[in-house]
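The values are calculated or read from the model by the stated rules, or taken from the named source; none is laboratory data. As the structure is a prediction and not an experimental result, all values here were calculated from the model. Neighbour counts run over all protein chains shown; Cβ positions are idealised from the backbone, glycine included.
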Amino acid sequence: MLDHLKKLVRLFRNKYLSATVLFLIWIAFFDQTSIIYDVHLTQKEKQLKAQKIYYEKQTLAATEQLKELQTDPSNLEKFAREKYFMKKQNEDVYVLVDQHNHLLDTLNTKIK
């Protein structure tokens, strides 16, 4: 054990090797563009790209839905009934939810 320590001390007496090792440690951990920071930025970039894809799909779906609502009045009525639980004057709307409060279905029944 003592021999290994002496060899290590003798190796680090070389100022060029010591400076190189300190420089690499500084770059790897303490510098503004360290390896740790670079890995963090790479993960963040992947997360943001996934969010971008998700929001592009959502925008496309919303655009298609808007186009359908603007072209057909029956689709507009259907949308209002399903999303906002609107009803006609002579109807009752029953909303079914499961135990986790997720919407299952809506029933429109006419009052006689």
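Per the conditions (1) of a type in the set (D, E); (2) modelled with pLDDT under 85; (3) closer than 30 Å to V97 by Cβ, the sole criterion not satisfied by D3 is (3). Residues that are at pLDDT 80 or above and in contact with an Asp or Glu (Cβ under 9 Å, 6 or more places away or on another chain) within the stretch 79-112 comprise just one, F79. Can you find a residue that is surrounded by 11 or more Cβ atoms within 10 Å (Cβ to Cβ) and in contact with a strand residue (DSSP E or B) (Cβ under 8 Å, 6 or more places away or on another chain) anywhere in the stretch 66-82? Checked against the condition, which is being surrounded by 11 or more Cβ atoms within 10 Å (Cβ to Cβ) and in contact with a strand residue (DSSP E or B) (Cβ under 8 Å, 6 or more places away or on another chain), the stretch 66-82 yields at least one hit.
Could you figure out which of (1) out of contact with any helix residue (DSSP H, G or I) (no Cβ under 6 Å at 6 or more places or on another chain); (2) of a type in the set (V, I, T); (3) surrounded by 10 or more Cβ atoms within 10 Å (Cβ to Cβ) isn't true of I35? I35 satisfies every listed condition except (1). In the stretch 35-54, the count of residues that are modelled with pLDDT of 85 or more and of a type in the set (G, A, S) is one or more.
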